[in-house]
Amino acid sequence: MNCYSRLAPTIRWSRLQHHTQQSILNERYPVRQISSTQVNFDRHDCKVLVVGGGSGGCALAAKLSTRLGKGQVIVLEPAERHYYQPMFTLIGGGMKRLEHCHKPMADVLPKKAKWMREAACEFDPDSNTVKTSGGNTIKYDMLLIATGLQLNYEKIPGLEKALSVPDGNVCSIYSPLYVEHVFDCLRKISGGNAIFTFPHCPIKCAGAPQKIVYIAEHYFRKVGKRDDISITYNTALPVLFGVKHYADALWPIMKKRNITVNTCRNLIEVKHEQDIAVFENVNKPGELYEEKYSMLHAVPPMSPPDELTRCKQLVNDDGYVDVDKFTLQHIKYKNVFAIGDSSSTPNSKTAAAAAAQSPVVFDNMMAVIEGKPLTGSYDGYASCPLVTGYHTCMLAEFDYSLTPLETFPVAQNKERYSMFIMKKDFMPLLYWKLMLPGYWNGPALMRNMLSVFKSKKQK
C-alpha cells in the first residue's frame, strides 16, 4: 500500500493492554458510571446500527436519531470517554492538559439513540448482523461503520516497553496514556539528539507527527537549550507533506530552524536500554540505520480494528471498508456506509474530513431508507491546522486531488497567529458544541460566503 495515497476518531489500543490502560485512565480521570438500565435493551435490532462513537459516529448518530426518532439508532461503543484528539499535540507541547480534551461518552452521544457499551467482535453483512463482546447479536436495516483506527504500538519491537519506562525518554502524542509524557520529555532533555518519526502506513492526522517537531523546537528555543539539541524528523513518506502547496512552505521552516529531515526512513525497532532507534530505508528494504537518541517521539503504525479487518466481505485488500469514495456507500452492500478513518476513501484522515463527510453520508443513508437515488457526493475535503510553534499555525485545506480548497480570503500557506488561536481555542468549541451534535458539516458554506473577498489567484 502506498502511504502517500492516504495522507487522522476513536482511541484504540492493542486488546491485551486495553483493560489495564483503561483502568489507569479511569483512576486518574473518573467517569460518571452509567446505570444498568441505560444499556439494557429489550430488543437488539434497529433501523440503523452505528459502530463506533468517535467523531463521525457521534455526528451521524445525532443526525440520524433526530430524523428517525427515539430508539431507531443503536450506537455500539465500548469506551467510557470520548477524546478530542486534535488537542493531543497541544497537550504534548504543554499548552493544554489531558482533562481539557475528553468528556464522558454518555454526555456526547445523542439521547435519542441507544448506547450499547460493548465492542463489535464479528460482522456478518450477509445476514445484516453484528455480534458484540457481550455475547449479543444486533440485527440492523442499515449499518454505519465509524470505528476509527487502532494504534499498533506492539508492531514496533521494543516500543511499548520503552514507553512504559517511568521517567523514560521515549514518548508519543497519539495515546491518552502517553501524551502527557511528551512535555515531560521536552523539559527533561538537555542535549543530544531529539528524533521524531512518521510510520510507513496511513495514519490519523498526518500533520501531527511534524507539528510536535515544530512545537518542540520552539520550546527548546524558549528555554535556551536549542543549541545543545539536534532535531531530526524521520518520515517514511517520500515528501514532507502530501500537498505541494503547503510542503513548499514547510521546507523553508525546517531549514530555517535547522531541523534535519530524512524521507523514506521508517522506525522498525527501539532498543531503549541503549537509547537506539533502528530505521529502515523504505526504498531499500534491509538497509538499516541505527540512531542514538536523547529523546524519541514515536508515531505507532495504525490500522482499522482487527474485528473489522477479519470480515473480508466488508474490507478491501488493505483492511479498509470498501466504499465508493464519493457516496461513502459500500461497493457491494448497499445498506452499509462508512465514515472517518476506517473507510477506504483516499483522503487525509482528520476530524475535519469526517465533518465534511457527515452530510453526504446522512443524505445518502436517508436516500436508501426512503428508496431514493443517492445525491450526496464527497469531494475529499480535509483540513490540517499545522501548528508551527507556540503562537503560529498554517491552515492546510485540500481535496482529493491535493488541490488547496481554502476557506479564508488570505494566503493559508503562511504561519499566522490568527490560525493558531482558531486551532487552540475556537476549534474545540466547534467540535463539542456543533460537530458532535450533528450541526457542523464542514466549512463549505463559509467558504462560499467568503469567496467574494478572495482574489482571482486565490479562487
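Summary of computed values
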item	result
Which labelled figure in (i) 1.23; (ii) 1.04; (iii) 0.96 is Rg/Rh (Cα atoms, Kirkwood Rh), once derived from the coordinates	(iii)
Which listed pairs, of K204/K424; K222/K256; K155/K225; K63/K414; K255/K414, have C-alpha distances above 24 Å, in listed order	K155/K225; K63/K414
Dipole of the range 108-241 [Lys/Arg +1, Asp/Glu -1 at C-beta], most positive-end residue of I145, I189, A120	I189
For the range 134-182, size of Cβ-based charge dipole, Lys and Arg +1, Asp and Glu -1, in debye	160 debye
Dipole magnitude of the range 106-171, debye to nearest 20 (Cβ charges: Lys/Arg +1, Asp/Glu -1, about Cα centre)	260 debye
Dipole moment magnitude, nearest 20 debye, the chain about Cα centre, only Lys, Arg, Asp, Glu C-beta charged	1480 debye
Dipole axis of the chain (+1 Lys, Arg; -1 Asp, Glu on Cβ), positive-most option in F337, G168, M254	M254
Within-14-Å neighbourhood charge of L159 [Cβ basis; K, R +1; D, E -1]	-2
Per-pair calculated FRET efficiency, R0 = 22 Å: M446 and D107 via Cβ, rounded to 0.05	0.20
Cα gyration tensor of the range 351-459 - equivalent ellipsoid semi-axes, whole Å, descending	28, 17, 11
Beta bridges per DSSP with both ends in the range 195-344, % antiparallel, nearest 5	55 percent
Helix-only [θ]222 nm of the chain, DSSP H runs n ≥ 4, -39500 (n - 2.57) each, per residue, nearest 500	-7500 deg cm²/dmol
Non-local Lys pairs in the range 272-336, i.e. 8 or more apart or on different chains, that have alpha carbons under 23 Å apart	5
DSSP bridge pairs, the chain: antiparallel proportion in percent, nearest 5	50 percent
Dipole of the chain, positive end: most advanced residue of M427, H272, G242 [Cβ charges, Cα centre]	M427
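Quick note: the coordinates plus some simple rules give every number you see, no bench work behind them. Computed from a prediction, not measured in an experiment: that's the story for all the values here. Quick reminder, even Gly has a Cβ in these numbers, built from the backbone with ideal geometry, and neighbours come from all protein chains shown.
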